[in-house]
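J.: Submitted below is the structure of interest, expressed as structure tokens.
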There are 2 protein chains.
Amino acid sequence: MPSLRELGELGIIRILENSFGKSKSALVGFRDDVSAFALSDGKVAVLKTDMLVGSTDVPPGMTMRQVGWKAVVANVSDLAAKGVRPLAGLVSLGLPSQMTEREIRDLATGLRESSDAYGFHLIGGDTNESEDLSVSIALFAIANRKQLVLRRGAEPGDLVAVTGDFGSTAAGLLAVLRMKKKPKQLPRPLYDAVFNPRAQLQLGLRLMASGAVTSSIDSSDGLAWSLHELASSSRVGFRIDRLPISLAARQFAERHELDAQKLALYGGEEYQLILTVRRGKLRPAMRAARGRLNFIGEVTSKSHGIRLRRDNSLVQIPRKGWEHFRQ
Amino acid sequence: MPSLRELGELGIIRILENSFGKSKSALVGFRDDVSAFALSDGKVAVLKTDMLVGSTDVPPGMTMRQVGWKAVVANVSDLAAKGVRPLAGLVSLGLPSQMTEREIRDLATGLRESSDAYGFHLIGGDTNESEDLSVSIALFAIANRKQLVLRRGAEPGDLVAVTGDFGSTAAGLLAVLRMKKKPKQLPRPLYDAVFNPRAQLQLGLRLMASGAVTSSIDSSDGLAWSLHELASSSRVGFRIDRLPISLAARQFAERHELDAQKLALYGGEEYQLILTVRRGKLRPAMRAARGRLNFIGEVTSKSHGIRLRRDNSLVQIPRKGWEHFRQ
């Protein structure tokens, strides 16, 4: 009987999915970025929950204010990938008994600052004592059923695009976790990537409203993993012609003799959007993105898998990523 | 600077409430059983989240299937107290790495059985590795704004009623926690109270739809604590003429020379409803309850506090209860 670590997050999600069964009113699969529930007159309720856990999601040196901020960002990022604006949220806290009042105030401040930044209120919650810190956010939104951009929908010939560069988060996490650097020793872009991440909400709203996007996912499980998820949900393959590696990740890789491509591909907790754009709708997509869309490849048939152009050949990108139970 | 244990759950909720501020669209206070958010045309979105934590909410001998069941019940009970039917739910899991696949399957089974029992689907979720087990449920519902029964609303002269008897859960928890009894050694009513709790959803839906209920709360924080919460939210006092103590709690108290009144008053995780009924609407309330409403006292003015009739005098019931951080 495998333990959870062997089973992996995906294995657990499959167990839940099989056990819970499919609801007639559930409009998106268990494995999309959000859940959605049919209301009347073409509207859907969009629901999202994501839990931040102290022992696995909080790098050394992160303040409670940053923890609160990050917990909200992780949830908002999934809504951004669907083009949905959060209307309200709840927060469920599991707090270790040795936390101080100051720390809980800082946590509350971070939660408020981030919900303010993304335009919604946290209107309720629950607190408990717990041995491990946990901050579970639930977001609620309403959308038009037709507007919701799902993971499935990409078709061969569409273009693959991302909203930013990758690798800074992985580099920053390596620096604080493995190299034991203090946060303030990090170059600013790496520090911000790890400690002050941002969700691409406004950009996601504009892009998904453009009508040009055929499928979309947030990149929080890592670029390679998310590309595989998006492709398998849409039953297509991707050919990636150029990897979007951040300058800071390149510099970090050079200084420490690391592979910058790996930093960009196999990181995680990097809250960009990965999406596919219908070729005939490039112009509305680019107008919506206001210069913040980077086209990196093309949708191919499923049989080709996820390939990366390297020199003059194409190599398979393995399905590896940031998966909590397989660290 | 006080630690969380000194601060208490109420202190933490106050910090969150003050930090988050009041949303114009939030229709109920941070401290009611649920949160609600105004939609168009007199409808409200009702949101609820409650987290079950392994180290504090799972008594020895509870199976993972029972853990899943209880996590859902705790959330449904709060909706029952407002007269709201859950439409869909999400589950966020924090799972210790040593859990087996069998245990996660059992947990999923319990989650499914309870959501089935209360008529909704779990349509999404999130899993994480965590040092302490946490099962955070978020429920979503839609209600008519006018139908929502809140904690505030009781008026002097209303009658105080409960949907069941109290004390079995406290007795059962004492038996397994302090007396180290095995679950199967417990008398059936105590076993069921602790390991197979039920939410009063159908009864709550009928009662709150009757138009007779002026205020309502679920009793999961204990009878005494919940009476205080209900009274202070409504700015009234209560005179309790007879305590609704379960037969099993009386027998347990007698056998172990304990105070049965204390078991009934200062327990917790007992998912009954406590409510106030307009005196002119007794008949519709009783019809809705189909014999399952026990009138225990009367709403008085705030200055009288929460008093219990004992022999020929009235004694104050202190605001004590099941509060995680003050165990």
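J.: Any residue at all in the stretch B:23-34 that is more than 9 Å from chain A (Cβ to nearest Cβ), open to solvent by less than 10 Å² (accessible area, probe 1.4 Å) and within 17 Å of the chain's Cα centre (by Cα)?
T.: yes
J.: Now, a different point. Please enumerate the residues belonging to the stretch B:38-55 that are surrounded by 19 or more Cβ atoms within 10 Å (Cβ to Cβ) and within 21 Å of the chain's Cα centre (by Cα).
T.: B:A45, B:V46, B:L47, B:K48, B:T49, B:D50, B:M51, B:L52, B:V53, B:G54
J.: Search the stretch A:310-324 for residues being touching a residue at least 40 places away in the same chain (Cβ under 8 Å) and not in a loop (DSSP other than H, G, I, E, B), and hand back the single one that is least open to solvent (accessible area, probe 1.4 Å).
T.: Of everything passing the filter in the stretch A:310-324, A:H324 is least open to solvent (accessible area, probe 1.4 Å).
J.: How many residues, within the stretch A:229-262, are open to solvent by 30 Å² or more (accessible area, probe 1.4 Å) and either under 16 Å from A:G321 (Cα atoms) or more than 18 Å from the chain's Cα centre (by Cα) (or both)?
T.: So the count comes out to 16.
J.: Let me ask something additional. Which condition number does B:K181 fail, the rest of (1) part of a helix (DSSP H, G or I); (2) free of Cβ contacts under 8 Å to residues at least 24 places away in the same chain being met?
T.: (1)
J.: How about the stretch A:75-116: which of its residues are among the small types (G, A, S), open to solvent by less than 10 Å² (accessible area, probe 1.4 Å) and touching a residue at least 60 places away in the same chain (Cβ under 8 Å)?
T.: A:S77, A:A80, A:A81
J.: Confirm whether A:L201 is within 14 Å of chain B (Cβ to nearest Cβ) and at pLDDT 95 or above.
T.: no
J.: Residues of the stretch A:142-156 being in a loop (DSSP other than H, G, I, E, B), open to solvent by less than 20 Å² (accessible area, probe 1.4 Å) and of a type in the set (G, A, S), which ones?
T.: Answer for the stretch A:142-156, where residues must be in a loop (DSSP other than H, G, I, E, B), open to solvent by less than 20 Å² (accessible area, probe 1.4 Å) and of a type in the set (G, A, S): just A:A154.
The values are calculated or read from the model by the stated rules, or taken from the named source; none is laboratory data. Only a predicted model underlies this, so the values are computations on that prediction, with no experimental measurement involved. Don't worry about glycine lacking a Cβ; one is built from the backbone with ideal geometry, like all the others, and counts go over all protein chains shown. Surface accessibility is based on the protein's heavy atoms, side chains included, excluding ligands, DNA and RNA. Shrake-Rupley method; radii C 1.70, N 1.55, O 1.52, S 1.80 Å.
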